[in-house]
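Here is the structure we will look at.
FYI, it's all coordinate maths here, none of it is from the lab. Fair warning: this is a prediction, and the values are worked out from it, not measured in the lab. Glycine also receives a Cβ, built like all others from the backbone with ideal geometry; neighbour counts cover every protein chain displayed.
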Amino acid sequence: MLYEIAKLIISPFFNSYIRLDIVGHKNIPRSGGVILAPNHISYLDPILLGVAIKRKVYSMAKGELFKNAILRFVMTHLKAFPVKRGRMDRYALKRSLQILNQGKVLNMFPEGTIPLNSNTIEGKPGVVWLALKANVPVVPVKITGSDKLLPDGKVFPKMGRARIVFGQPISFETKDNTYKKNKKRITEKIMEEIEKL
């Protein structure tokens, strides 16, 4: 319920205070599990994605953000769940698979963190692993402008403009083990598709 209320409050704010350009939203399947794989340049990115599409978006967020009780309460009700970075987090993987198997939308940043100086870093294979395990498509997403709206160290966003481009879904359905044997290459492919956007 808090998710819907927050979206009702935040959406008008973005429409008047922040100009959000959305391209390719029709590339997001209307139903069924799907992974959104965006580049990550600002803490504002998950909120922008939630505003940009009609479907409810579940997001991984670094575990440190859940140490504060108030922030944990808000983020949990906004469909975010913690992930321990730097090592395999079985809880986060299990929760992600549960979300996808229930036919929902999972937001997962392939880079795993915000790169320094907004330079794209190497993607991690988690997105491909989950897509194969849950048999769902991956939608590459390119976000620009959010780093200017909420620079590092700031709490409240500035007036400005951001853009989100949703690419064509990438499907991993295959009768052989081609993808399973080439997770690294497919991860690179997803990162390449994000850059093309």
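Things worth noting here:
- Gain on full stretching of the segment that runs from Q98 to N182 - 0.36 nm per residue minus C-alpha separation: 27.8 nm
- In a fully extended conformation the segment linking N135 and E122 would gain 2.3 nm over its present Cα-Cα distance, using 0.36 nm per residue.
- Gain upon complete extension [R72, I22; 0.36 nm per residue less C-alpha separation]: 15.1 nm
- Ranked for footprinting exposure by Cβ neighbours inside 10 Å, fewest first, R30, R185 give R30, R185.
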